[in-house]
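Report on the structure given below.
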Amino acid sequence: MKIVFATNNQNKLSEIRNILGSEFEIVSLHDIGCTEDIPETGNTLEENALIKARYVYNKYGLSCFADDTGLEVEALGGTPGVRSARYDDITDHDSEANMRKLLRELGDNNNRKAQFRTVIALLLKTSNQLISHTFEGKIEGHIALTKQGTAGFGYDPLFIPIGYQQSFAQLGMDIKNQISHRARAVKQLADYLKQLNS
Ligand code: ITT
């Protein structure tokens, strides 16, 4: 099955290709000639995932899915959440600046509990209808006192998943892709698509 993944984030693209394997042909925005930065104007991960998927479906008429992900830190009232890409007020998609701000905001707070949450919105074109469905994946953990490791992307050097002593950036892609928020959401997506195909 061929399906567009509406993301400009190359790390997400390789994670999802790796998790889904060869059964699905995942086409990128670049592959379909979409070079725009799709505006994420929603107030929730669900809204933003749907905005990105609808943008691609309306413009290109292709089945697609989009992922919106947020890091939700308990002591910070669930922020940065939907603003994870632009948590630092001055920069945009600057992971180093975002991590610096997160460590600053948390200071020496003992409550470092956090979770990553991914929402995937799917818009699937069938012969007689448009199917819309969302999937959610979460992983709990805590925020390290300092950055650890170099693999992964975004907040990975700061996030230590529950049951582990190392950050996602130390554990590496193979382990991350077995347990992560995104892996959990993507497995639901894959099961749903397989069941539709059967
Ligand atoms: P698209 O909207 O084009 O998919 P994006 O980078 O803007 O890409 P999101 O809005 O979903 O993606 O993600 C917000 C930020 O959260 C992202 O820029 C990363 O810094 C961070 N992030 C997302 N997934 C992550 C992950 O698996 N590990 C660490 N950080 C992550």
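Tabulated results
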| read-out | value |
| --- | --- |
| Cβ-Cβ under 6 Å pairs, at least 6 apart or on other chains, segment 33-59 side within 12 Å of the ligand (Cβ to nearest atom), far side open to solvent by less than 40 Å² (accessible area, probe 1.4 Å) and assigned to a loop (DSSP other than H, G, I, E, B) | ASN48/GLY42; ILE51/GLY42; LYS52/ALA6; LYS52/ILE38; ALA53/ALA6; TYR55/ILE38; VAL56/ALA6 |
| Given (1) at pLDDT 95 or above; (2) in contact with a Ser or Thr (Cβ under 9 Å, 6 or more places away or on another chain); (3) not in a loop (DSSP other than H, G, I, E, B), index of the condition ILE175 fails | (2) |
| Of the criteria (1) in contact with a His (Cβ under 9 Å, 6 or more places away or on another chain); (2) open to solvent by less than 30 Å² (accessible area, probe 1.4 Å), which one SER63 fails | (1) |
| Positions within segment 92-113 being aliphatic (A, V, I, L, M) and farther than 13 Å from LEU76 by Cβ, in sequence order | ALA97, MET99 |
| Residue within segment 133-155 that is assigned to a helix (DSSP H, G or I) and crowded, with 19+ Cβ neighbours inside 10 Å present | no |
| Conditions (1) touching a helix residue (DSSP H, G or I) at 6+ places or on another chain (Cβ under 6 Å); (2) in a loop (DSSP other than H, G, I, E, B): number failed by ASP89 | (1) |
| Residue match in segment 67-78 (condition: more than 10 Å from the ligand (Cβ to nearest atom), open to solvent by less than 20 Å² (accessible area, probe 1.4 Å), over 22 Å from LYS187 (Cα atoms) and outside any strand (DSSP E or B)) | no |
| Of residues in segment 85-115 being of a type in the set (S, T, N, Q) and closer than 13 Å to LEU158 by Cα, the one least open to solvent (accessible area, probe 1.4 Å) | ASN98 |
| Long-range neighbours under 9 Å by Cβ, at least six apart or interchain, first residue more than 30 Å from PHE5 (Cα to Cα) within segment 102-121, second basic (Lys, Arg) | LEU103/LYS147; LEU106/ARG112 |
| Tally, over segment 158-172, of residues that are open to solvent by less than 10 Å² (accessible area, probe 1.4 Å) and either assigned to a helix (DSSP H, G or I) or charged (D, E, K, R) (or both) | 3 |
| Complete set of residues in segment 1-49 that are assigned to a helix (DSSP H, G or I), open to solvent by 40 Å² or more (accessible area, probe 1.4 Å) and modelled with pLDDT of 95 or more | GLU46, GLU47 |
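The values are calculated or read from the model by the stated rules, or taken from the named source; none is laboratory data. Given the structure is predicted, the values throughout are model-derived calculations rather than measurements. Note that each Cβ is placed from the backbone with ideal geometry, even for glycine, and that neighbours are counted across all protein chains shown. With ligands, DNA and RNA removed, areas are computed over all heavy atoms of the protein, side chains included. Shrake-Rupley method; radii C 1.70, N 1.55, O 1.52, S 1.80 Å.
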